[in-house]
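Q: Sending over a structure as structure tokens; questions will come in a sec.
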Amino acid sequence: MTTPVLSVEDLWVRYGTVPAVRGISFDVFPGEVIAILGPNGAGKTSTLSAVMGRLGRQQGTIEFQGESIAGLSPDKVARCGMALVPEGRHIFGDLTVSENLQLGMVSRTTQQGSDEDLGWALDLFPILDDFMGRQAGLLSGGQQQQLAIARALVANPELILLDEPSLGLAPSIIDIVFKALDSIRDRGRTIVIVEQRAVRTAAFADRSFVIANGEIRLTFNRSDEGLPEDIASVYFGAQESSDGDSAS
């Protein structure tokens with residue numbers, strides 16, 4: 001049996017005494033695109049943050065390539081071969097595009113192949129090649145999102161986590177992002193996407209998990225029928241039953 005790239009078992013995340021993620025479990029296998037969908041406040045971002053080591057208060061098992069990473073700091077998780085594109089991009093605005101990309105290479109286990117990976121990232125997002133010497137904070141929101149994804153790619157990760165990659169973007173830029181993600185999939189990279197834009201993301205991902213109030217309420221494959229109706233029922237049901245005790 002194939003070993004999962006990422007295995008999450010009975011994960012709980014709390015902010016103080018408030019549970020944001022309530023005992024969720026899922027596996028991600030090599031080369032898969034997995035979507036974690038749900039309304040705002042469902043626990044999606046908290047899940048990725050726990051996986052990446054950004055939250056110290058958690059319970060459960062998190063394994064990456066068969067080894068436990070629970071309790072590791074984000075930089076150590078990154079050096080294991082995982083990269084996060086966070087919600088809000090979090091690029092270094094005072095640095096140039098080129099300097100941001102160079103920082104993305106710091107967590108590589110080897111610099112061999114770094115020039116090829118940089119060239120690939122710039123092929124996916126050619127606008128960045130035009131602005132390599134520009135201060136990153138002067139880029140548009142869409143350009144900054146492309147930079148955030150490219151910065152993750154040059155780290156040469158086995159697993160890429162993307163938190164709301166389409167948030168606040170114009171439709172034309174969303175098309176560029178999803179086209180790039182398709183190319184990343186074609187290279188055999190494993191991807192986990194957190195999104196509120198459920199229908200498009202579910203149609204793109206191999207498998208999807210819909211979270212509401214910190215729990216997985218629906219699991220499905222891309223080929224399943226009736227998905228828009230099923231997703232909508234979970235979204236609207238979560239909004240009706242939400243008592244405000246979850247974090248995104």
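The values are calculated or read from the model by the stated rules, or taken from the named source; none is laboratory data. Quantities reported herein were computed from a predicted structural model and do not represent experimental measurements. Cβ sites come from the backbone with ideal geometry, for glycine too, and all protein chains shown count toward neighbours.
Q: Name, by its number, the condition in (1) outside the structural domain of ASP186 (by TED's automatic domain parsing); (2) surrounded by 15 or more Cβ atoms within 10 Å (Cβ to Cβ); (3) in contact with a Gly (Cβ under 7 Å, 6 or more places away or on another chain) that does not hold for ILE127.
A: Status for ILE127: all satisfied but (3).
Q: Separate question: I'd like to verify a number: residues in segment 1-43 that are among the charged types (D, E, K, R) and touching a Gly at 6+ places or on another chain (Cβ under 8 Å), how many?
A: Selection size over segment 1-43: 3.
Q: A follow-up question, please. Please count how many residues of segment 139-158 are out of contact with any Gly (no Cβ under 8 Å at 6 or more places or on another chain) and part of a loop (DSSP other than H, G, I, E, B).
A: Summing the residues that are out of contact with any Gly (no Cβ under 8 Å at 6 or more places or on another chain) and part of a loop (DSSP other than H, G, I, E, B) in segment 139-158 gives 2.
Q: Based on this model, can you work out whether GLN143 counts as modelled with pLDDT of 95 or more and surrounded by 17 or more Cβ atoms within 10 Å (Cβ to Cβ)?
A: It is true that GLN143 is modelled with pLDDT of 95 or more and surrounded by 17 or more Cβ atoms within 10 Å (Cβ to Cβ).
Q: From the list SER73, SER98, pick out the single residue that is of a type in the set (S, T, N, Q) and in the same structural domain as PRO30 (by TED's automatic domain parsing).
A: SER73
Q: Just one of the numbered conditions (1) within 17 Å of GLY104 (Cα to Cα); (2) assigned to a helix (DSSP H, G or I) is not true of LEU161; which one?
A: (2)
Q: Considering only segment 86-117, state which residues are part of a loop (DSSP other than H, G, I, E, B) and over 19 Å from MET52 (Cβ atoms).
A: GLY93, ASP94, LEU95, THR110, GLN111, GLN112, GLY113
Q: A further question on this structure: Which residues, counting only those in segment 178-201, are in a helix (DSSP H, G or I) and either at pLDDT below 90 or surrounded by fewer than 19 Cβ atoms within 10 Å (Cβ to Cβ) (or both)?
A: PHE178, LYS179, ASP182, SER183, ARG185, ASP186, ALA198, VAL199, ARG200
Q: Suppose we filter segment 55-79 for residues that are without any contact (Cβ under 8 Å) to a residue 24 or more places away in the chain and either within 25 Å of VAL177 (Cβ to Cβ) or among the aromatic types (Phe, Trp, Tyr) (or both); how many remain?
A: Of the residues in segment 55-79, 1 are without any contact (Cβ under 8 Å) to a residue 24 or more places away in the chain and either within 25 Å of VAL177 (Cβ to Cβ) or among the aromatic types (Phe, Trp, Tyr) (or both).
Q: Then there is this: Which one of these does LEU55 not meet: (1) more than 17 Å from the chain's Cα centre (by Cα); (2) of a type in the set (A, V, I, L, M, F, W, C); (3) not assigned by TED's automatic domain parsing to the domain that holds GLY141?
A: The one condition LEU55 does not meet is (1).
Q: Let me ask something additional. Applying the selection to segment 25-45, what residues are more than 14 Å from LEU162 (Cβ to Cβ) and touching a Phe, Trp or Tyr at 6+ places or on another chain (Cβ under 8 Å)?
A: PHE26, GLY38, PRO39
Q: Another question, then. So which residues in segment 203-212 are surrounded by fewer than 23 Cβ atoms within 10 Å (Cβ to Cβ) and more than 14 Å from ASP27 (Cβ to Cβ)?
A: Within segment 203-212, ALA203, PHE204 qualify.
Q: Mind checking which residues of segment 14-54 are without any contact (Cβ under 8 Å) to a residue 40 or more places away in the chain and either acidic (Asp, Glu) or on the phi > 0 side of the Ramachandran plot (or both)?
A: Of everything in segment 14-54, those that are without any contact (Cβ under 8 Å) to a residue 40 or more places away in the chain and either acidic (Asp, Glu) or on the phi > 0 side of the Ramachandran plot (or both) turn out to be GLY16, ASP27, GLY53.
Q: Give the number of residues within segment 39-68 that are over 16 Å from MET82 (Cα atoms) and assigned to a strand (DSSP E or B).
A: So the answer is 4.
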